[in-house]
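What follows is one structure encoded as structure tokens, with my remarks underneath.
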Amino acid sequence: MHLSDILKIRSQPGAGISIGLTRKCPLSCAHCSTNSSLQSEEYPEDRFVRFVGTFSPQHHPEIMALSGGEALLRPKLIMKLAKMARRAGTSSSVLSGLFFARHPTIPANIERAIRSVDHFSVSTDAYHEQEIHRDLVLKTLDTVLSYGTDVSVHLVGANEDDPFIADATADIQQRFGDDVPILVNLLEPFGRARKWFSKAVPEEQEQIKASPCHMAAWPVMSYDGTIVACGNDDVIEKLPDHLVLGHAMTDSWQTISERSASSCTLRAIRLYGPEFTVNRFSSQKPDCTGYCDTCINMQPTRDFGKNLNKHMTSPSIRLLEDTVAVLRLEAGAEAFARSEGTAKFSDLVSLGRDG
């Protein structure tokens with residue numbers, strides 16, 4: 001499964017689910033968006049197994065994306081979930097920071113876990129390289145490619161002109177030619193980075209324009225089994241009611257996907273973005289601290305809900321949603337990379353794409 005296969009449907013509601021298997025991680029990267037450490041929480045596997053066990057041939061996500069923390073701290077769980085998901089028709093991927101790359105060879109249990117999934121992604125950036133050197137990352141990718149497993153690299157830089165991005169993409173392509181796709185994202189003030197990294201808040205616009213949120217398309221299962229509409233770490237910490245979809249110990253995939261698809265608030269966020277939604281349908285002003293904070297701090301009052309429901313249940317809006325979904329699918333992976341990553345490097349997600 002190529003990276004572009006995943007990104008092509010990343011903005012399609014219910015096409016996938018992201019699952020955080022643990023918040024633990026042996027690394028201490030300065031920008032860690034999940035604020036992970038070896039002391040972080042980790043919950044029993046029963047909630048993960050129970051939820052993935054609700055996937056069926058009739059009702060299942062196309063992709064199950066596993067991450068952490070460091071997901072490969074739980075290799076047996078990865079193998080179990082990947083096998084269960086495959087039986088229902090769901091492909092799987094895992095994202096890793098390669099804490100094990102200092103070993104001369106990939107440990108056997110981790111190798112088996114990597115072989116069990118359909119796609120293996122490596123996350124790295126300038127701060128991560130202080131923990132795991134780039135040479136070790138490239139060596140590990142070389143080994144995983146020898147398994148016949150599809151791989152990708154997720155790079156994070158401060159901005160499009162960050163020398164790290166230019167150097168890293170050049171090294172990856174020098175080592176692997178055009179065989180390894182690369183997704184480039186920009187640093188955000190989440191997790192540990194919140195303490196030292198800040199982004200300029202855009203000046204207030206005279207007219208707030210629609211800016212769809214693609215990241216509310218796939219439900220996200222957090223470390224304790226809570227399932228939310230977005231993977232932003234602040235959502236997982238604060239659990240705003242309008243972004244909580246359920247829990248792995250009580251709900252099925254079918255229930256979660258139906259709740260996500262039917263919620264007028266989530267449909268509006270996906271179609272218009274939180275700032276436009278709040279500005280159009282609520283007396284509340286959009287949060288001046290930014291796009292995501294506006295969503296998290298949204299106050300679904302009775303009047304807001306009434307106005308929003310009337311608008312979103314209109315047949316013309318349903319038709320608009322369907323049209324937008326088709327256009328996004330046709331636009332493909334590079335369009336998603338431009339909107340959620342960087343336009344400058346968006347073509348790199350298609351490297352290694354046959355045909």
* Scanning for something closer than 25 Å to R194 by Cα and either without any contact (Cβ under 8 Å) to a residue 60 or more places away in the chain or assigned by TED's automatic domain parsing to the domain that holds N185 (or both), does the range 310-332 turn up at least one residue? -> no
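Which members of the range 85-116 meet the condition of being of a type in the set (A, V, I, L, M), in a strand (DSSP E or B) and out of contact with any helix residue (DSSP H, G or I) (no Cβ under 6 Å at 6 or more places or on another chain)? Walk me through it before giving the result.
If we filter the range 85-116 for residues that are of a type in the set (A, V, I, L, M), which is where we start, we get 85, 88, 94-95, 98, 101, 106, 108, 110, 113-114.
The next check asks that each one be in a strand (DSSP E or B); those that pass are 94-95.
L95, the sole residue that qualifies.
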* **Where a residue in the range 291-306 is hydroxyl-bearing (S, T, Y) and its partner, wherever it lies, is assigned to a helix (DSSP H, G or I), with Cβ under 7 Å and at least six apart** => Y291/P274; Y291/E275; T294/P274; T294/E275; T294/V278
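Conditions tested, residue by residue: (1) under 24 Å from P61 (Cα atoms); (2) polar (S, T, N, Q); (3) surrounded by fewer than 21 Cβ atoms within 10 Å (Cβ to Cβ).
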residue	(1), (2), (3)
Q12	yes, yes, yes
I17	yes, no, no
P26	no, no, yes
C29	no, no, no
S36	no, yes, no
S40	no, yes, yes
* Structure fact -> Residue hits (the range 293-325; within 16 Å of S11 (Cβ to Cβ), more than 21 Å from the chain's Cα centre (by Cα) and surrounded by 11 or more Cβ atoms within 10 Å (Cβ to Cβ)) are L320, E321
* Write out, first by first residue and then by second, each pair whose Cβ atoms fall under 6 Å of each other, whose residues are 6+ apart or on separate chains, and whose first residue, in the range 118-144, is under 19 Å from L187 (Cα atoms) and assigned by TED's automatic domain parsing to the domain that holds A85 while the second is assigned to a strand (DSSP E or B) and of a type outside the set (A, V, I, L, M, F, W, C). => S121/S152; S121/H154; S123/H154
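Yes/no per residue for (1) under 30 Å from V49 (Cβ atoms); (2) modelled with pLDDT of 95 or more; (3) of a type in the set (G, A, S):
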| residue | (1), (2), (3) |
| --- | --- |
| A217 | yes, no, yes |
| G225 | yes, yes, yes |
| D233 | yes, no, no |
| E237 | yes, no, no |
| H247 | yes, yes, no |
| P274 | no, no, no |
| C288 | no, no, no |
| M298 | no, no, no |
* Positions within the range 117-137 being surrounded by fewer than 20 Cβ atoms within 10 Å (Cβ to Cβ) and in a helix (DSSP H, G or I), in sequence order -> E129, Q130, R134, D135, L136
* Taking only the range 272-290 into account, find how many residues are in contact (Cβ under 8 Å) with a residue 60 or more places away in the chain, in contact with a helix residue (DSSP H, G or I) (Cβ under 6 Å, 6 or more places away or on another chain) and either under 28 Å from V326 (Cα atoms) or outside the structural domain of L320 (by TED's automatic domain parsing) (or both). => 2
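Listed here are the residues, each with its yes/no results for (1) at pLDDT below 95; (2) surrounded by fewer than 23 Cβ atoms within 10 Å (Cβ to Cβ); (3) on the phi < 0 side of the Ramachandran plot; (4) touching a Lys or Arg at 6+ places or on another chain (Cβ under 9 Å).
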{"position": "V49", "(1), (2), (3), (4)": "no, yes, yes, yes"}
{"position": "G69", "(1), (2), (3), (4)": "yes, no, no, yes"}
{"position": "P107", "(1), (2), (3), (4)": "no, yes, yes, no"}
{"position": "R112", "(1), (2), (3), (4)": "no, yes, yes, yes"}
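The rows are residues; the columns are (1) assigned to a loop (DSSP other than H, G, I, E, B); (2) over 16 Å from the mean Cα position of the chain (by Cα).
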site: Q39; (1), (2): yes, yes
site: F51; (1), (2): no, yes
site: L66; (1), (2): no, no
site: K80; (1), (2): no, yes
* To do: Assess whether S283 counts as being assigned to a helix (DSSP H, G or I) and small (G, A, S).
  => no
* Could you grab me the full set of residues in the range 157-174 that are of a type in the set (D, E, K, R), farther than 18 Å from V349 by Cβ and assigned to a helix (DSSP H, G or I)? => D167
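The values are calculated or read from the model by the stated rules, or taken from the named source; none is laboratory data. A quick note: this is a predicted structure, and the numbers were derived from the prediction, not measured. Reconstructed Cβ throughout: ideal geometry from the backbone, glycine too, with neighbour counts over all protein chains shown.
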